Amino acid sequence: MTKLEQAQDTINFVRQQTDEVILFNSFGKDSLVVLDLIAPKFKRVICVFMYFVPNLEHINRFINQVVCRYKNVEVIQLPHWNLTYVQRGGMYSITKQQSEEQKKQKLLKLRDIADKVREYYKIDYVFLGMKKADGMNRRLMLNTYEPNHYVNNGMVYPLATWTQKEVLAYMLHHGLPEPIRYGKNASNGVGFNLDCFLWMEENAPGDLEKIYAAFPESRRILYEYHYNNPKE
């Protein structure tokens with residue numbers, strides 16, 4: 001059985017149970033491939049995009065570019081579960097009042113968000129793009145799900161055995177759009193890193209201002225860079 005056939009076997013297993021599913025979609029390479037695999041199989045696909053700052057225009061443009069390919073796909077945007085750790089730690093915020101509120105912030109996990117979305121939509125199965133090749137922890141986790149079509153308590157991992165090379169080959173073969181790339185070593189998601197902020201400074205200054213409004217102290221990322229690398 002090829003990797004593609006194995007992914008399709010997992011998807012077909014879920015399709016026998018339901019015609020509506022949820023996909024946690026970062027709109028990176030892995031989740032774009034999962035979306036392309038499952039969209040033809042199900043009547044309805046709810047894509048959940050998790051953000052640190054909502055309504056960034058360059059991200060919304062890319063999301064619209066992707067979902068126009070599929071007639072049965074809906075997108076909802078929710079705060080990223082990791083945002084609870086950022087908020088509780090007071091990362092890049094400045095006021096004492098914020099800090100006191102943030103100390104009371106309940107810390108969440110991905111499963112907490114997934115359970116809330118499943119309950120709201122009354123949909124049992126959630127697809128994710130995680131792979132064994134992503135790292136040792138992912139490999140150990142996914143190995144325990146292998147005997148059951150890589151499905152565990154409603155969480156579904158069709159790309160479990162894929163490599164990054166195979167993901168890229170699928171994208172090229174099927175003409176999937178290239179995700180936003182903020183730097184050579186940066187991930188697809190917006191984060192508090194220099195590559196991401198430099199990209200937005202040049203390509204999406206309005207979105208950078210939205211991040212500054214939510215996390216004022218994040219201005220120091222570029223301030224320190226430009227201070228140490230003055231233009232001639």
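The values are calculated or read from the model by the stated rules, or taken from the named source; none is laboratory data. The structure displayed is predicted, hence computed values, not measured ones. As a convention, Cβ positions derive from the backbone with ideal geometry for all residues, glycine included, and neighbour counts pool all protein chains shown. These area figures cover heavy atoms from the full protein model, side chains too; ligands, DNA and RNA do not enter into them. Shrake-Rupley method; radii C 1.70, N 1.55, O 1.52, S 1.80 Å.
Worth pointing out:
- Selection status of Asn148, over 16 Å from the mean Cα position of the chain (by Cα), over 20 Å from Val21 (Cβ atoms) and not aromatic (Phe, Trp, Tyr): no
- For region 220-232, taking the residues that are loosely packed, with under 14 Cβ neighbours inside 10 Å and assigned to a helix (DSSP H, G or I), the one that is nearest to the chain's Cα centre (by Cα) is identified as Arg220.
- Tyr92 meets all of the listed conditions (1) under 17 Å from Val156 (Cα atoms); (2) open to solvent by less than 40 Å² (accessible area, probe 1.4 Å) but one, namely (1).
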